[in-house]
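Read-outs throughout are calculated quantities, based only on the coordinates presented, and are distinct from any laboratory measurement. Quick caveat: nothing in here was measured; it's all calculated off a predicted structure. FYI the Cβ positions are ideal-geometry reconstructions off the backbone, even for glycines, and counts take in every protein chain you see.
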Amino acid sequence: MNPSIKSPTCEIITIGSELLLGQIEDTNTTYLARELGREGVTIRFRTAVGDRLDEIEQVIRSAIDRCDMVITTGGLGPTLDDLTREAVSRSAGVELEFREDLMDGIEDMFRLAGYQMPKNNRRQAFVPAGGYAILNPVGTAPAFIKEVKGKPVICLPGVPRELKFLLDREVIPRVRQRFNLDEHVVTYRVLKTVGIGESKVDSLIGDLIKPGQNPEVGLLASMGEIKIRIAAKARSEREAHRLIEPVAEEVYSRLGKKIYGRDDETLEGVIDSLLAENGLNLAIMETFSGGLAAQRFHSLPSSRLVESLVIPDEKQVALYSGNEKSITERETAMGLARKIRKLVNASVGLAITGFLKKEKGGGYAIKGYAAATGEDIEKGFPWEMGGDLFTLQQRGSVIGLNTLRLALLDIQGENKK
């Protein structure tokens with residue numbers, strides 16, 4: 001680790017009882033964490049607090065003690081339960097002071113909208129004494145920055161549109177200057193895996209995951225895939241990539257074909273590229289997954305998918321597979337893949353099959369099978385799984401697509417021999 005590259009730490013505090021009651025979703029914290037992370041700020045804590053003055057003051061004081069900077073969102077409105085200004089003033093040991101320039105800006109906002117300003121909006125023109133006030137040209141709630149114990153407490157409105165505008169125009173430039181962040185950059189590479197669980201990924205690369213190391217490796221699990229994030233801090237983009245490269249190569253060497261892509265690449269996009277490289281097109285037939293695999297190709301601007309079909313009825317599946325008698329899951333899936341391919345004269349057929357069985361305790365169970373067929377292509381994969389309908393459908397579509405991806409990699413390897 002390069003000891004000269006140090007990230008300032010930050011705590012994000014979201015203020016509002018509606019957050020604790022689950023009445024609104026907190027998207028602000030996610031946005032702040034992502035944007036500040038790009039600038040080299042390390043988010044150490046994320047805290048939510050209701051509209052109680054003593055509790056807001058308590059979490060602000062705690063945040064000041066354990067981080068280099070604090071950002072709050074919400075509580076800057078004109079009503080009596082908007083208490084961020086008061087809480088920061090108490091934390092700093094100062095009084096609130098009235099700012100005429102803020103008052104003029106708020107009145108202008110109402111005037112432009114054709115309304116007369118209510119008297120209670122006057123509360124928004126107060127900021128902690130000695131604080132730096134930030135005019136808000138897209139709303140009525142001014143923001144402000146107040147140094148407390150030598151650390152900046154940055155208070156932003158809770159309306160996402162206003163927060164994003166002020167963060168980009170006012171806050172980020174000041175944070176960069178305050179912590180000398182112009183002297184280094186933070187660069188990420190994300191490697192995406194499929195067909196392997198989080199615990200297995202951890203067992204294979206766990207020794208590379210060391211908090212505070214540069215580059216730093218972390219895992220993020222999502223539906224059907226695991227993302228491996230490699231973040232490096234350096235004085236230039238080129239130097240950061242130089243730090244990332246050997247770590248990425250080591251991850252590739254351990255996980256191999258389990259890694260399907262990187263950064264913004266998607267599973268369906270990678271598969272579509274493989275189809276194009278081999279001059280192939282695709283037809284998909286699905287049962288329980290309800291067309292989710294095909295839907296992913298429809299989200300691409302253009303794709304090699306020429307046909308998709310959903311057959312949720314077991315009798316119809318038996319007819320399409322070419323055998324109404326009891327046959328194995330593999331024979332059923334392979335038969336469907338060949339059928340859909342033949343129906344539309346496609347190069348490759350993919351079938352994702354299985355039928356949901358209701359469990360006594362709730363939820364469903366399934367024996368699934370994915371089959372990919374084509375010239376020099378015949379690959380299948382069985383699995384058994386239990387859970388809710390949404391999870392089974394999503395994971396089934398991912399398993400099916402990954403089976404197709406591996407089949408295409410096999411023929412690509414054969415073509416290179």
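What the table below lists for this structure:
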quantity	calculated
All-pairs Cα distance distribution in the stretch 267-416, expressed in whole percent, bin size 10 Å	12, 45, 32, 9, 1, 0
Sequence of V398, V59 once ranked by neighbouring C-beta atoms within 10 Å, starting from the fewest	V59, V398
Separation in nanometres of the label points that stand 7 Å from Cα toward Cβ, at I209 and E55	3.3
Hz values of 3J(HN,Hα) by residue in the stretch 286-300 - Karplus curve (6.51, -1.76, 1.60), Gly and Pro given as x	10, 10, 5, 6, x, x, 5, 5, 5, 4, 5, 6, 5, 7, 7
Relative contact order %, the chain, counting alpha carbon pairs below 8 Å whose residues are six or more apart	10
Sites matching trypsin sites (Lys or Arg not before Pro) across the stretch 33-70 that sit in DSSP coil, with at most 16 neighbouring C-beta atoms within 10 Å	R52
Low-density loop positions, GluC sites (Glu not before Pro), the stretch 1-82 - DSSP coil, at most 15 other Cβ in 10 Å	E25
Relative contact order of the stretch 184-262, pairs being alpha-carbon contacts under 8 Å that are 6 or more residues apart, as %	44
Sequence-distant residues sharing a close amide H with T72 (under 5 Å, placed H)	I13, I154, C155, L156
Ranking of I15, I64 by count of other Cβ atoms within 10 Å, fewest first	I64, I15
Mean separation of Cα contacts under 8 Å (6+ apart) over length of the stretch 267-416, as relative contact order %	24
Kirkwood hydrodynamic radius (C-alpha pairs) into Stokes-Einstein, the stretch 1-131, 37 °C and 0.692 mPa s, D in µm²/s	201
Descending semi-axes in whole angstrom, ellipsoid equivalent of the stretch 167-249, from the Cα gyration tensor	29, 15, 10
Given (i) -0.69, -0.77, -1.00; (ii) -0.38, -0.51, -0.85; (iii) -0.25, -0.34, -0.69, the label whose value is log10 I(q)/I(0) by the Debye sum over Cα atoms at q = 0.06, 0.07, 0.10 Å⁻¹ derived from this model	(ii)
Order of C155, C67 - criterion: other Cβ atoms within 10 Å of each residue's Cβ, fewest first	C67, C155
Loop-located GluC sites (Glu not before Pro) in the stretch 345-417, at most 10 other Cβ atoms within 10 Å (DSSP)	E375
Surrounding net charge for A141, when Lys and Arg each add one and Asp and Glu each subtract one, Cβ distance under 9 Å	-2
J(HN,Hα) series, the stretch 103-119, from Karplus relation 6.51 cos²θ - 1.76 cosθ + 1.60, nearest Hz, glycine and proline x	4, 4, x, 5, 4, 5, 4, 5, 5, 5, 7, x, 10, 8, 5, x, 4
By average C-beta atoms within 10 angstrom, highest first, the peptides 347-354, 260-267, 163-170, 330-337	347-354, 330-337, 163-170, 260-267
Around V194: net Lys/Arg minus Asp/Glu count, Cβ-Cβ under 9 Å	+2
Distance from the stretch 64-131 to the stretch 335-366 (C-alpha centre basis), Å	59
Degrees separating the helix 28-38 axis from the principal Cα axis of the chain, which is the longest one	90
Derived scalar couplings ³J(HN,Hα) [the stretch 377-386; Karplus, 6.51 cos²θ - 1.76 cosθ + 1.60; whole Hz; x for Gly, Pro]	10, 7, 9, x, 8, x, 7, 10, 7, x
Debye equation applied to the C-alpha atoms of the stretch 243-342, log10 I(q)/I(0) at 0.15, 0.22, 0.23 Å⁻¹	-0.76, -1.11, -1.16
